[in-house]
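Participant: Input: one structure, supplied below.
What follows is calculated from the coordinates using simple rules that are stated; it is not laboratory data. Remember, it's a predicted structure, so these values are computed and weren't measured experimentally. Methodologically, a virtual Cβ is constructed for each residue, glycine included, from the backbone with ideal geometry; neighbour enumeration extends over all protein chains shown.
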Ligand code: NAD
Ligand code: IPM
Ligand code: MN
């Protein structure tokens, strides 16, 4: 069976880590007997350079005729001086999420055994590792709420965004979080700021109501400021963290670093019909782009999530995860995750090692 996949490398380290991901996906196709047909298209800064806009109609068309989107990352210093609404993040990534109604962003932050030493937490805190799933609402909240605007001049010049959630939006992301928790340790912690924001008072109420549909799952509520602190104090207390769009963005970078590096955190952005966009939680990493040193694991594991969630190849996804665990155990590590005494390898050497591990 052949599946059409849209491959949007984007900017910075995007093309470097995507190349290794395609090689890994090719290896599992060979081993598990299915076939992916990739169509590459420009997105983000490279699309501005080549086509004059960050999300050309031709790229959207490729996505629409595919079963899933593999996405690298967009943005970088070259495009930061464009008007905000033309910049890659706002003109490509957010519209793609909205267009396909990708409301459910899953960001699994799990420490591989071999990387416990790369976690910045004290060994007695991290223990043998932790396993947190951030479930982030991705198509609403302050990112998309209207009105947004800017006007005036002088000391009265002002700018504003609006944080808004509807009941239906909260209910559907909460259901995803509870359903995910049922397959894990059956605990949801909803992250909000209900002590200050009206929208978050509503969020808390609706999440409580949805909890009634999942009596086997324990629900707790925590304020975002306390959540960021508790995550470094004792990450083991969390199973599923349910967050709105912006708090989920912040918590997921913190969770990523606790797994050893920004380069480790994969993500799936799903709609209600198994269609998904799969991208690392981190960005285009301009500080290391073009050097061949980026960690490809977040992108590779995003590819594994695509096999699992959009295409239903669980075994192939597991084979990728196991290969990653195995090469890390052999201390094959890029510079962002090396433990003392280990010589870092390049992006492509790490890709080679994962491919070899899968095929042996
Ligand atoms: P970033 O995630 O790109 O980088 C933060 C730090 O993490 C940097 O030191 C970087 O080197 C490191 N890092 C990230 N991924 C890594 C990897 N795979 N291997 C090794 N190290 C890695 O965040 P930033 O610097 O705030 O943003 C840079 C650009 O990326 C901005 O334009 C931002 O808007 C954009 N961005 C895009 C996405 C996306 O497209 N999904 C996500 C986040 C940020
Ligand atoms: C992420 C990124 C994006 C976000 C940016 C680039 C728009 O930080 O996917 O976490 O804030 O959602
Ligand atoms: Mn982010």
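Participant: Working only with C-alpha atoms, what are the Rg and Dmax values of region 83-157, expressed in angstrom?
Facilitator: 19.5, 55
Participant: Measure off 7 Å from each Cα along the Cα-to-Cβ vector at residue 37 and residue 274, then give the distance between these two points in nanometres to one decimal.
Facilitator: About 1.9 nm separates the two model spin labels.
Participant: For region 125-167, just say rounded, prolate or oblate: build the C-alpha gyration tensor, square-root its eigenvalues into a ≥ b ≥ c, call rounded for a/c under 1.5, and beyond that prolate if a/b exceeds b/c, oblate if not. Please list the in-between numbers first.
Facilitator: On the way: a/c = 6.12, a/b = 2.21, b/c = 2.77.
It is oblate, given that a/c is not under 1.5 and a/b is not larger than b/c.
Participant: Oh, and also: Residue 246 to residue 82: extension gain in nm, 0.36 nm per residue of separation minus the Cα-Cα distance?
Facilitator: Length difference between fully extended and current span is 56.7 nm.
Participant: First check a/c for region 120-258, with a ≥ b ≥ c the square roots of the eigenvalues of its C-alpha gyration tensor; if it is under 1.5, answer rounded, and if not, answer prolate when a/b is larger than b/c or oblate otherwise. Walk me through the intermediate numbers first.
Facilitator: Numbers: a/c = 2.58, a/b = 1.43, b/c = 1.81.
In terms of gyration-tensor shape, oblate.
Participant: Between residue 146 and residue 209, what FRET efficiency comes out of the Förster formula 1/(1 + (r/R0)^6) with R0 = 35 Å and r the beta carbon distance, rounded to 0.05?
Facilitator: 0.85
Participant: Restricting the count to DSSP beta bridges whose residues both fall in region 120-258, what percent are antiparallel, rounded to a multiple of 5?
Facilitator: If we restrict to bridges inside region 120-258, about 20 percent are antiparallel.
Participant: Using a Förster distance of 35 angstrom, determine the FRET efficiency expected from the C-beta separation of residue 197 and residue 128, and round it to 0.05.
Facilitator: Efficiency, rounded to the nearest 0.05: 0.40.
Participant: Just order 301-310, 93-102, 7-16, 146-155 by mean Cβ neighbour count inside 10 Å, highest at the front, would you?
Facilitator: 7-16, 301-310, 93-102, 146-155
Participant: Please work out the FRET efficiency for the pair residue 50 and residue 229, using the Cβ-Cβ distance as r and a Förster radius of 51 Å; give the result to the nearest 0.05. Don't jump to the answer; show the numbers that get you there.
Facilitator: Working: r = 44 Å, r/R0 = 0.87.
It comes out at approximately 0.70.
Participant: Kindly list the residues of region 188-215 that lie in the label zone of residue 237, defined by a backbone N under 19 Å from the point 7 Å along the Cα-to-C-beta vector.
Facilitator: 188-195
Participant: Taking a ≥ b ≥ c as the square roots of the Cα gyration tensor eigenvalues, with a/c under 1.5 meaning rounded and otherwise prolate when a/b beats b/c, else oblate, which class fits region 197-252?
Facilitator: Oblate.
Participant: Considering only DSSP beta bridges where both residues belong to the chain, give the percentage that are antiparallel (nearest 5).
Facilitator: The antiparallel fraction comes to roughly 35 percent.
Participant: Quick one: which of 165-176, 64-75 comes out on top by average Cβ neighbours within 10 Å, and what's the full order, highest first?
Facilitator: Going from most to least packed, we get 64-75, 165-176.
Participant: Which number do you get for Rg(Cα) / (2.2 N^0.38 Å) in region 1-94?
Facilitator: For region 1-94, the normalised Cα radius of gyration comes out at 1.15.
Participant: GNM, the chain, Cα, under 10 Å: largest mean-square fluctuation among 285, 181, 329?
Facilitator: 329
Participant: How much space per residue, in cubic angstrom, does the convex hull of the C-alpha atoms of the chain take up?
Facilitator: With only Cα atoms used, the chain gives 148 Å³ per residue.
Participant: So between residue 171 and residue 218, what do we pick up on full extension, going 0.36 nm a residue minus the alpha carbon distance?
Facilitator: Length difference between fully extended and current span is 15.3 nm.
Participant: Distance between Cα centroids, region 1-62 to region 186-222: provide it in whole Å.
Facilitator: After rounding, the separation between the Cα centres reads 37 Å.
Participant: Could I ask something else about it? How far apart, in nm, are the 7 Å Cα→Cβ label points at residue 162 and residue 64?
Facilitator: 2.8 nm
Participant: Mind listing the Cα extents of region 122-201 along all three principal axes, in Å, largest one first?
Facilitator: 55, 36, 22 Å, listed from the longest principal axis down.
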